[in-house]
Every structure is written in structure tokens, then in C-alpha cells.
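See below for the structure under consideration.
All of the numbers you see were taken from the coordinates with simple rules; none came from a lab. Model, not experiment: these values are computed from the prediction. We place every Cβ from the backbone using ideal geometry, glycine too, and count neighbours over all the protein chains shown.
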Amino acid sequence: MTNAMYATLGFSVAAAAGAWAWRHWLPRSFWYAVGFPLKAARVYLTWRRVAYGCTLTRKRRAWRLSLEAVPGLRTASAVIHERRRVRRVDIERAPRLGLLRPTGLGWRVRVRLHDGQIPEDYVKVCDRLAHAWRVYAVRVVDSAPGSVTLLATMSDPLIGVDVSPETGELLTVRPGRLENGRDWVIDFRTVPHWLNAGATQSGKSNLANAIIKGLAPQPVAIVGFDLKGGVEFTPYAPRLSALATTRTECVRLLDDLVGVLTDRMRICREAGARNVWRLLEQVRPVPIVVLVDEVAELFLMADKSEKDEIAKTATALLRVAQLGRAFAVYLIVCGQRIGSDLGPGVTALRSQLSGRICHRVNDPETANMTLGDMDPDALDAARAIAAETPGVAIIAGQDGTWHRARSVYVSEEEAEAAARQHAALTPAWADLVAVDTVPLKAA
Ligand SMILES: Nc1ncnc2c1ncn2[C@@H]1O[C@H](COP(=O)(O)OP(=O)(O)OP(=O)(O)O)[C@@H](O)[C@H]1O
């Protein structure tokens, strides 16, 4: 080998090692500087072929110069049989691809729909696109009249979720991350009541921990219903204004809550306000977030003597759900199942819980019950959640959109520490129940 060859070889090895080190130690900058431009070039160069393979192209008649008419290729017979230099031929036209914009995990791109196409046409071929683009997943994340936005992710964004549940905004928590790489944010003022369903060990309690950690530093009251004998919520008692652990305590606490709602209703009426948010800030009652663990326990009947108590519980819970939004009482109802077999009260309650979180479930019916009349793709996604990924859930708000998401891991100790740290912010239940009777002006 000559010296020049040794030098070239040495240079190539050094460049490869440098690229490897760059990618290994600074993956983000490597992605933006090298990985993304290469991927983008590949996507544009192969788009027509990929779109054809995914049946997204449309046939169009177009004028094309025929090869027979090119002088160098012209044969005697072609000249005789093919007189035109330009002919109309059928071509496959791919939808127009917009500018690829890099994200930390992949890229977003807007695609102009062909006439007659709808966003669902793209939803159906997302898996095919992911294989063609050699990425982890492709999702339709947005659509506008005439276009869809596709999001391609290189790896699963739900591995190693490391967000902080505290948002610094009242009644807003960030329990995890969505599959599209964005934060998963629960805003109780937008979606007031949530159903959190899932099989055992699916991540329901972890989500409750994240919500408690997010709410603990806020000026809100947190109330717990824990019919598992208090084992779930007792560690958070310093930050709970009230905790019910037996059925009798539950009935009493629900009575109190209905009383609080009735008082808030009266205050608003006297002040001429439609809801507590229209009252002056200094006189606005403290928002209350109610956590119910294993809701089925509230409805299960051991013998007939419990019938009246259960009926009372169901009615009170339903009233809290119906009136809560306007009067700042919010519900998070957790359970393995919340089926109609638990009684008619449960079905009525479920219809009031407009926010839905479906963790891994054991049976398809639970996914159906939780996600109800959602897109069938949401149900398929819920049934596909693996046992090895606790905390992964399908979440749906009242606008009908759904996302795959994962809660951030918050251990019991962490949530307990947050509860202790912010114990001073816990309003006493007696103060919440004894509401000021002075008529208050609307803001
Ligand atoms: N987001 C997450 N990331 C990582 N691990 C998680 C996550 N969520 C839950 N886990 C783990 O999964 C296990 C089960 O979680 P969790 O106790 O929240 O489930 P659960 O649905 O409340 O179960 P159960 O109904 O039996 O109480 C726990 O060991 C927890 O550490």
C-alpha cells in the first residue's frame, strides 16, 4: 500500500470513529446535523415510490416526451410506427410533500391531500410508511382542510419519560408524555372529571402519585376515597383535606361534598355569577380535587342491607360529577372495571367522566367501557398495550382525539415526600365545609 492509501484509510477510520463518538455522546446535535438531513434526502427521493406502495398516488394523464422520439434511441420501426415526439401517458402522481421539519425524535411533515382523499386514508397506511421510512412509528397528528401532518418518530418516545408533574399553573398537572413527544397535560378546568381504568399492575396508582405530586404545591384541596382500607392514600394524608376508608366514611364525605356544592351554588347565585370562576379572586372558594381509588368497591353489595347505602353513594357521586365543573370540584375515578354490572349508577357516572385514561386491560370489554364510542383504532391501541410497559395508556379528552401516552414514574415515597413538603397548603376540611354566607359580587 502506498502512503496515500494509508493516509486515506487512517482518515476514514478517524472520521468513522469521530462520527460514532459524536452520535454516542451528543446524539441530539448529531441527529440535527447529520441524521436528519440524510433521512430527509431519503424521504424526498423515495416519496413517489413509497406513496405508490402505500396506494396514496393518483393516476393522471400527462404529456411526456416518448423515448422512441429521442434521436439516439430512434429505430427505423419506431420512426414508422411512432410519429409523435410528445405523447399523453398515465403517470402516478404522489401527494405533494411539504417541508420536513426536524423534531428531537424524528420529523413532522405536511402532506397535501389529493382530491377525494381524507385523513383516514393516511391513518390506515401509517404502519406501511413507518416501514418504508425505517422509523419506529408514523402518526397522523393534525389535519386541516386539504392536508394532514405526519409525525415520524425514530424511537419510542414513551421509554424513559422524565417530565416533572408540576406545571406551576392552577389545576394543571403534567403526568407524563404523549407519543407525539409532547407533554401530557391534564387541565381540570378544561376536562373536569377523569376515568382512570386498567388491570392490576397497569400503572393506575403511579398515575395517581404523579397527579398528587403535581397538585401538592398548588392552592387546592385534595380529597381521597380509598376503600382498599386506606392503603393507597393514607401515606399522602398530610396533603389530604379528607380521607374516607370505609363505606360509612365515604357516605359521610360524599354528603359533605354535596353540601359544599350546594353552598357554592348559593354563593354564585347571590353574586350573580354562573360559576365560581366569575367570583372575585379573594372570595373564590378553594378548588377541590377528589381521588377515588377502586370505584367498584363503592358499588359492590355484600348483602341487601347495604342496598340503601350504595344507592345513596351512587346518587351523591353523580351529583358531584354533574355540578363539579361549575363549582370547582373535580373527580378522578380509578378502577379495574367500571361496568354496568355494578349497577345503573355506574353507567350514569361514567357518562359524566369525559376524560378517559385506559391503561392495559385484561379483557376487551373494559377497553370498550372506558373508551366507549371512541375511534376503533383507540380500542385496538388499548388492547395492544404490553404488560412490560406499565404506565402506558390511551387517553382521550372530550373532543374525541386520542393519544398513546405514558405517565412519569413517581414512586410512593416521592409522592409522600411532596405531600409532606406541602402539608401547610392543606385546607382543613372543617373550613371548606363551613362556607362563608356573605353574598359575594361577581368579578
Ligand atoms: N409510568 C411508569 N413507568 C415505570 N414503571 C411504572 C410506571 N407506572 C407504573 N409502573 C410500575 O408498575 C408497577 C405497577 O404500577 P401500579 O401500582 O401503579 O399499578 P396499579 O394499576 O395501581 O396496580 P394495582 O391495581 O394492583 O394497585 C409498579 O411496580 C410501578 O413501579
_Could you derive backbone 3J(HN,Hα) for region 346-351 from the dihedral phi with the Karplus parameters 6.51, -1.76 and 1.60 (θ = phi - 60°), listing whole Hz in sequence and x where the residue is Gly or Pro?_
5, 5, 5, 5, 4, 5
*the chain, helix-only ellipticity at 222 nm - DSSP H runs n ≥ 4, -39,500 (n - 2.57), divided by all residues, nearest 500*: -11000 deg cm²/dmol
*Determine the gain in length on full extension of the stretch Asp90-Ala423; use 0.36 nm per residue of separation and subtract their C-alpha separation, reporting nm with one decimal.*
112.6 nm
*asked:* Mean-square fluctuation check for the chain, GNM, Cα pairs under 10 Å: which of Val286, Val231, Val260 is largest?
replied: Val231
_Under 10 Å, Cα contacts only: if you run a Gaussian network model on the chain, which one of Arg93, Arg85, Arg42 comes out with the highest mean-square fluctuation?_
Arg85
*With charges only on Cβ, +1 for K and R and -1 for D and E, what is the dipole size of region 159-256 about its Cα centre, in debye, rounded to 20?*
120
*Could you state the angle between the C-alpha long axis of helix 412-421 and the longest principal axis of the C-alpha atoms of the chain, as a value from 0 to 90 degrees rounded to the nearest 10?*
60
_In the chain, once you exclude exposed GluC sites (Glu not before Pro) (DSSP loop, at most 16 other Cβ within 10 angstrom), what's the longest stretch remaining?_
170-387
*What is the helix-to-structure angle for 3-25, meaning the angle in degrees between its Cα long axis and the longest Cα principal axis of the chain, kept from 0 to 90 and rounded to the nearest 10?*
20
*Hits among aspartates and glutamates - C-alpha to C-alpha of Lys213 under 12 Å, sequence gap 8 or more where chains match*: Glu166, Glu412, Glu413, Glu414, Glu416
_Taking the beta-carbon count within 10 Å as an exposure proxy, list Asp115, Asp431, Asp263 from fewest neighbours to most._
Asp115, Asp431, Asp263
_Spacing of the two label points (7 Å from each Cα toward its C-beta) at Val231 and Val433, in nm_ = 2.9
_Report the gain in length on full extension from Gln201 to Glu270: 0.36 nm times residue separation, minus Cα-Cα distance, nm rounded to one decimal._
20.1 nm
*Roughly how many debye, to the nearest 20, is the charge dipole of the chain about its Cα centre, given +1 on each Lys and Arg Cβ, -1 on each Asp and Glu Cβ, and no other charges?*
3420
*asked:* In the chain, if the dipole is taken from +1 on Lys/Arg beta carbons and -1 on Asp/Glu beta carbons about the Cα centre, which of Pro165, Gly35, Thr234 is farthest to the positive end?
replied: Gly35
*asked:* Name the residue from Ala14, Gln322, Gly391 whose Cα lies farthest towards the positive end of the charge dipole of the chain, charges +1 on Cβ of Lys and Arg and -1 on Cβ of Asp and Glu.
replied: Ala14
*Residues His193, His131, His24 arranged by fewest to most Cβ contacts within 10 Å*: His24, His131, His193
*How big is the shadow of the Cα convex hull of the chain, averaged over all directions, in nm²?*
33.2
*Can you list residues whose amide H is under 5 Å from Gly106's amide H, if they're 5+ apart or on another chain and H is modeled 1.01 Å from N?*
Met154
*Looking at this model, which pairs from Lys39/Lys59; Lys39/Lys204; Lys204/Lys312; Lys204/Lys307; Lys228/Lys304 are more than 31 angstrom apart at the alpha-carbon?*
Lys39/Lys204
*Compute the length gained on full extension between Met5 and Thr55: take 0.36 nm times their separation in residues and subtract their Cα-Cα distance, giving the result in nm to one decimal.*
13.2 nm
